[in-house]
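Participant: Would you mind keeping the following structure in view while I ask a few things?
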Amino acid sequence: TFRIFGIYRKDSRTMVGDYVRLACKIINGAGEEEILKDFIGISKKHPAVNIEFELANKDCYNNWTEEVRYFLYRYEEYLVGQKGGFLEKDIWNKIWVDSPSKTIEHIHPQKFGRDWEGKIGKNQEEVADHVHRVGNLLLLPSSLNSKAATQAFAAKKVIYGENHLRMMDTVMREDQWTLKEIEKREKEMVEFALKTWGDL
């Protein structure tokens with residue numbers, strides 16, 4: 001379902017009949033095997049082959065804030081499963097209680113001053129082409145997000161350390177944050193998406 005309505009950004013009219021028929025089967029006591037088979041059938045109508053195209057080098061912020069926040073939460077779940085640890089409930093409670101725009105952090109800021117090293121474009125227009133890419137986004141409680149704001153990368157890393165999530169690990173290891181680092185992290189996130197929402 002997230003592949004269809006999240007990654008592919010289809011509107012709520014998409015496949016209404018398929019979902020209603022499946023819902024009727026569930027209400028009427030269909031077995032788990034039949035439900036799963038129908039769900040896989042729905043999923044295959046939007047093949048996973050295009051997931052990379054839908055996520056890589058795309059604006060994953062404007063008009064997609066709820067979806068990207070869910071995406072980043074699932075990414076955190078995945079990283080915890082891979083590397084160990086647990087989901088920090090206190091941090092997540094602070095994130096979910098606020099609006100996405102207050103909790104989605106742009107690592108390379110949308111607006112930046114002279115203290116920002118490693119700009120990702122020659123001008124504001126080129127920078128705007130990259131700051132909303134998924135590789136440049138992470139989640140923070142709103143108080144820390146506003147604190148990080150447009151600060152230099154080194155200062156941001158100190159703030160990230162105050163409420164550390166697994167999704168920050170690759171960011172914290174970097175000495176600078178340029179287009180190269182954004183693309184590297186984006187590639188890792190696309191690989192996660194293919195594993196999570198790829199063909200069943």
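A short reminder: the numbers here are calculations on the coordinates, not readings from a lab. These figures come from a predicted structure and were not determined experimentally. As a convention, Cβ positions derive from the backbone with ideal geometry for all residues, glycine included, and neighbour counts pool all protein chains shown.
Participant: If you average over every viewing direction, what projected area does the convex hull of the Cα atoms of the stretch 49-91 give, in nm²?
Facilitator: Its Cα hull, projected and averaged over all orientations, spans 4.1 nm².
Participant: Could I ask something else about it? Quick one: what does P(r) look like for the stretch 158-198 with 5 Å bins over all Cα pairs, in whole %?
Facilitator: 5, 20, 25, 22, 17, 8, 2, 0
Participant: Right, another one. Could you give me the percent of Cα pairs per 5 Å distance bin for the stretch 129-196, shortest bin first, beginning at zero and ending with the bin that holds the maximum distance?
Facilitator: 3, 16, 27, 28, 17, 7, 2
Participant: With bins 10 Å wide starting at 0, give me the P(r) of the stretch 28-120 over every alpha carbon pair, in whole percents.
Facilitator: Reading upward from the zero bin: 11, 27, 33, 22, 4, 2, 0.
Participant: Looking at the chain, what % of the alpha carbon pairs are farther apart than 27 Å?
Facilitator: Pairs farther apart than 27 Å: 36 percent.
Participant: List the pairs from 58/111; 58/147; 58/94; 111/187; 83/187; 10/83 whose alpha-carbon separation is above 21 Å, in the order I gave them.
Facilitator: 58/147; 58/94; 111/187; 10/83
Participant: Return the FRET efficiency for the residue pair residue 169, residue 10: r is the Cβ-Cβ distance, R0 is 45 Å, and the value is rounded to the nearest 0.05.
Facilitator: The computed FRET efficiency comes out at 0.90.
Participant: Take peptides 103-116, 76-89 and line them up by average Cβ neighbours within 10 Å, highest first, as a rough protection proxy.
Facilitator: My ranking of the peptides, most packed first, is 103-116, 76-89.
Participant: Rank 57, 28, 136 by mean-square fluctuation in a GNM of the chain with C-alpha springs under 10 angstrom and give only the top-ranked residue.
Facilitator: Of 57, 28, 136, the Gaussian network model singles out 28 as fluctuating most.
Participant: When only C-alpha pairs under 8 Å and at least 6 residues apart count, what is the relative contact order of the chain, in percent?
Facilitator: Rounded, it is 27 percent for the chain.
Participant: Right, another one. Going by amide H atoms built from the backbone, whose H comes under 5 Å of the H on residue 133, apart from near neighbours?
Facilitator: 60
Participant: May I pose another question? Before rounding to the nearest 500, sum -39500 (n - 2.57) across all DSSP H runs of length at least 4 in the chain and divide by the residue total; then give [θ] at 222 nm in deg cm²/dmol.
Facilitator: Numbers: 11 runs with 108 residues, N = 200.
One gets -15500 deg cm²/dmol as the mean residue ellipticity at 222 nm.
Participant: Same structure again: Looking at the calculated P(r) for the stretch 92-170, what percent of the C-alpha pair distances fall above 16 Å?
Facilitator: More than 16 Å apart: 49 percent of the Cα pairs in the stretch 92-170.
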